[in-house]
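The values are calculated or read from the model by the stated rules, or taken from the named source; none is laboratory data. These figures come from a predicted structure and were not determined experimentally. Cβ placement follows ideal geometry from the backbone for every residue including glycine, while neighbour counts extend to all protein chains displayed. For accessibility, only protein heavy atoms count, side chains too; no ligands or nucleic acids. Shrake-Rupley method; radii C 1.70, N 1.55, O 1.52, S 1.80 Å.
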Amino acid sequence: MAELKLFTPEELAERRKPRRQQRREAKERTIEQFREQLERAGPGYGGEVVLEEGDDKRKTRGLLKEAATRAGLQLRFRPIKDPSRIEFSVVEGEEEQPTRRGGRGRQRAG
């Protein structure tokens, strides 16, 4: 037998949005949820993200990093071989290393 699904006006409006916009809004919601949780953290805190099936570890790590940046925090990720977990710690903001001028090789005379 056929299955009937009814949608609320809000769900129907969401379904009419282009896929790209739906993905962008979902990404922003995830970043905001992470940011809200990270706001209570400071240097010395740590955390773990347990991924659901189908979640991409690299993408989730990027979203978490973006959320930390928005919260004014810096994260250090611990390398883990388990593809369903991400572990991190909140660290003091580190100053960026000054970059060398020029490239490799001998310095030019002059």
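Within the chain, what whole-number % of the accessible surface is contributed by carbon and sulfur, with the 1.4 Å probe and all protein chains included in the calculation? In the chain, the share of accessible area belonging to carbon and sulfur is 46 percent. The calculated FRET efficiency for Glu25 paired with Thr69, based on their beta-carbon distance and R0 = 22 Å, is about 0.65. Around the amide H of Tyr45, modelled in the peptide plane, lie the amide H atoms of Val90, all under 5 Å away and 5 or more residues distant in sequence or on another chain.
Given R0 = 35 Å, the distance between the Cβ atoms of Glu11 and Val91 translates into a calculated FRET efficiency of 0.25. Surface analysis of the chain yields an accessible area of 92 Å² per residue, using protein heavy atoms and a 1.4 Å probe.
Here's the picture: a label point sits 7 Å out from the Cα of Asp82 along the beta-carbon direction, and within the range 39-58 the residues with their amide nitrogen under 11 Å of it are 48-51. Every helix of 4 or more DSSP H residues in the chain counts as -39500 (n - 2.57), and over all residues that averages to -12500 deg cm²/dmol at 222 nm.
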